[in-house]
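Participant: Okay, handing you the structure first.
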Amino acid sequence: MKKLYSALMTAFNGDDTINEQGIREMVRYNIDVNKIDGLYVGGSTGESFMLSTEERKLVYKIAYEETAGKVDLIAQVGSVNLTEAKELAKYAADLGYKTISAVPPFYYHFTFEQIKDYYDQILAGVDVQLIIYSIPALSGVSLSLDEFGKLFENPKIIGVKYTNNDFLLLQRLRSAFPDKKIYFGTDEMLISALPLGIDGAIGSTFNLNAKRAKAEIAAYEAGDMKKVFELQDVSNKLILALIDNDIYPSLKLVFEEMGVHAGYSKAPMSKPSAEMKAGAKKIYETYFK
Ligand code: NAY
């Protein structure tokens, strides 16, 4: 059965401090209403690369407490600062996270040997499994089939969160590593990833749109491709409207329309303008009312 995970957002107050209550409300909505299989905590959608180490820990802790073992959790600990990544991995494992994830080290164009060493160091002495966070468009780091294979030699590395639209590489990965988990991360291309044998999907828009995405997966599994297309078509109109309205703040604005106090995004992300608020209200009324 393919799994669906929401990439958890971080709620901020107007002064860019963490809004704990907002995070708790989003976790609860994902569990109680979305019936999600799990949460990806501290990824791009969580605006994590703009947080301090202590703030990142706080988010893991809030998510861990609020889920209370009801759904799977994955803590994204990657950082260009390996000392921080190792500290976060240990912190998450000590809290009780069984699975972590890490973006490869970015910005300095590290060699593959350095990237491999980064993963091995994060995992050394920490009792967790890891999912590689591959997101070349944002990290600037593209891994080849062969490089994935070398990383997978570490038995604690159980798979990849594949936020990439290279479907040839996705098919080659599935074929070469049938026992590794592949979670797809471009929500608007889910329809194209399903036939390639993904184990599930992890995305930002599932915070709002999980029911439709789950129905799409169920239709795919039932062989009803007409329904798969129709559901993805509605999802894509929604996703493109969110992107057009500035996606992360807009996901939060639509949550507010639903009565979930998701707060703000952190600067330099935008605080909502009157136009963005009107756009989010229209998205809510069109797709969720
Ligand atoms: C993350 O770490 O939060 C993710 O990678 C989730 C995947 C999302 N990618 C980004 C860059 O946010 O859900 C997608 C994405 O927002 C969606 O497909 C719209 O493009």
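Please treat every number below as a calculation from the coordinates, not as lab data. Predicted model only: the values in this text are computed from it and were never measured. Every residue, glycine among them, receives a Cβ derived from its backbone with ideal geometry; neighbour counts consider all protein chains shown.
Participant: Consider residue 244 carefully, then state whether it is within 16 Å of the ligand (Cβ to nearest atom), among the charged types (D, E, K, R) and in contact with a Lys or Arg (Cβ under 7 Å, 6 or more places away or on another chain).
Facilitator: Criteria not met by residue 244.
Participant: Let me ask something else. Are any residues in the range 248-289 surrounded by fewer than 20 Cβ atoms within 10 Å (Cβ to Cβ) and among the β-branched types (Val, Ile, Thr), and if so, which ones?
Facilitator: Listed by number, the list holds a single entry, 286.
Condition check ((1) more than 19 Å from residue 30 (Cβ to Cβ); (2) in contact with a strand residue (DSSP E or B) (Cβ under 8 Å, 6 or more places away or on another chain); (3) outside any loop (DSSP other than H, G, I, E, B); (4) of a type outside the set (D, E, K, R)) across all residues:
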| residue | (1), (2), (3), (4) |
| --- | --- |
| 252 | no, yes, yes, no |
| 256 | no, no, yes, no |
| 266 | yes, yes, no, no |
| 269 | yes, no, no, yes |
| 278 | yes, no, yes, yes |
| 286 | yes, no, yes, yes |
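Participant: When you look at residue 231, is it in contact (Cβ under 8 Å) with a residue 40 or more places away in the chain, in a helix (DSSP H, G or I), buried (at least 21 other Cβ atoms within 10 Å of the Cβ) and not polar (S, T, N, Q), yes or no?
Facilitator: no
Each row is one residue, and each column tells you yes or no for (1) within 15 Å of the ligand (Cβ to nearest atom); (2) free of Cβ contacts under 8 Å to residues at least 12 places away in the same chain; (3) surrounded by 19 or more Cβ atoms within 10 Å (Cβ to Cβ); (4) within 30 Å of residue 231 (Cα to Cα).
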site	(1), (2), (3), (4)
78	yes, no, yes, no
81	no, yes, no, no
84	no, no, no, no
96	no, no, no, no
132	yes, no, yes, yes
136	yes, no, no, yes
187	yes, no, yes, yes
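Participant: If only one of 30, 34, 13 is in contact (Cβ under 8 Å) with a residue 24 or more places away in the chain and crowded, with 24+ Cβ neighbours inside 10 Å, which one is it?
Facilitator: Of the residues listed, the single one that is in contact (Cβ under 8 Å) with a residue 24 or more places away in the chain and crowded, with 24+ Cβ neighbours inside 10 Å is 30.
Participant: Cβ-Cβ distance below 7 Å, separation of 6 or more or different chains: which pairs start in the range 198-209 with a residue that is of a type in the set (Val, Ile, Thr) and end on one that is outside any strand (DSSP E or B) and more than 11 Å from the ligand (Cβ to nearest atom)?
Facilitator: As it stands, the answer is 198/2, since those pairs meet every condition given.
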